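This report refers to the structure that appears directly beneath it.
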Amino acid sequence: MPSYDYPRPALTTDVVLLRWHNARLEVLLIRRDRDPFAGQHALPGGFVDGGENPRTGALRELLEETGVGAVPLYEIGVFGDPGRDPRGWVVSSAWLGLAPPDVRATAGDDARSLDWHRLTDLPPLAFDHGAVIAAARRRLRELSDLGTEPMRLLPATFRTRQARHLYAQIREESINPTAFKAWLRRREAVERVGPSRFRRRDGLRPDWLR
């Protein structure tokens, strides 16, 4: 085992798992069963195992604590401010997860319980998880500019009205229905699968291709 002349942090992972439910964006929070912050709300996550990839660790911890697996993850960033964890120098690799509306979650591992919370009405959070969720919302907005990944939050087939309401919440602004339909058509973001029903396409056609 090599020795080092400089300190090394512990590595954890946190997952901001979102769903679209009753026309609202919600995030899955657990109640911690162990110190620090026992009994408080927090994001699912935990320590990355030795030799484990952070993304793999995020998926493993999400499955162990919530029973949710096989969801797409998008990297948010790294959080390592001093004092974020009372146990010492702990750096977290944070991930955004997009769950389908019918996702089922059950508490496990060190989660005392869990529940979905509207992004606009969050309880006090352990660690720096408020900042992590804020960064996840910015990442989700970026994804809405770059591709159709946010539509993974919708049912497999959906109406354009549902997609517009979702994007209005993501972007925190009202969206004109006619302009949104034109954007979907111009960017080839969806394909029709029935009367007034659509499903997402991968990627977006560049704006400069008309």
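The values are calculated or read from the model by the stated rules, or taken from the named source; none is laboratory data. Just so it is clear, the structure is predicted and the values come from calculations on it, not from any experiment. A quick note on method: Cβ atoms are made from the backbone with ideal geometry, for glycine too, and the neighbour counts reach across all protein chains shown.
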Self-check item: Total residues in the range 9-56, condition in a loop (DSSP other than H, G, I, E, B) and out of contact with any Ser or Thr (no Cβ under 7 Å at 6 or more places or on another chain)
Solution: 17
Practice problem: Please state which of the following conditions Asp145 fails to meet, knowing it meets all the rest: (1) modelled with pLDDT of 95 or more; (2) part of a helix (DSSP H, G or I); (3) surrounded by fewer than 19 Cβ atoms within 10 Å (Cβ to Cβ). | Solution: (1)
Practice problem: Would you check which residues across the range 157-210 are hydrophobic (A, V, I, L, M, F, W, C), without any contact (Cβ under 8 Å) to a residue 24 or more places away in the chain and part of a helix (DSSP H, G or I) and list them? | Solution: Ala168, Ala179, Phe180, Ala182, Trp183
Quiz prompt | Matching option when the condition is farther than 19 Å from Pro54 by Cα and either assigned by TED's automatic domain parsing to the domain that holds Gln169 or under 17 Å from the mean Cα position of the chain (by Cα) (or both), among Ser113, Ser144, Ser93 | solution = Ser144
Quiz item: For Val190, all conditions in the list (1) within 28 Å of Ile30 (Cα to Cα); (2) of a type in the set (A, V, I, L, M); (3) buried (at least 18 other Cβ atoms within 10 Å of the Cβ) hold save one; what is the number of the exception?
Solution: (1)
Quiz prompt | Those residues of the range 10-44 which are surrounded by 17 or more Cβ atoms within 10 Å (Cβ to Cβ), closer than 13 Å to Ala111 by Cα and basic (Lys, Arg), in sequence order | solution = Arg31, Arg32
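Of all residues in the range 80-110 being over 30 Å from Ala23 (Cβ atoms) and touching an Asp or Glu at 6+ places or on another chain (Cβ under 8 Å), which is surrounded by the fewest Cβ atoms within 10 Å (Cβ to Cβ)?
Ranking the qualifying residues of the range 80-110, first place goes to Asp81.
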Quiz item: Residues in the range 117-126: is at least one out of contact with any strand residue (DSSP E or B) (no Cβ under 6 Å at 6 or more places or on another chain) and buried (at least 19 other Cβ atoms within 10 Å of the Cβ)?
Solution: no
Quiz item: Taking the range 45-78 as the search range and keeping residues that are of a type in the set (A, V, I, L, M, F, W, C) and under 17 Å from Leu11 (Cβ atoms), which one is surrounded by the most Cβ atoms within 10 Å (Cβ to Cβ)?
Solution: Leu62
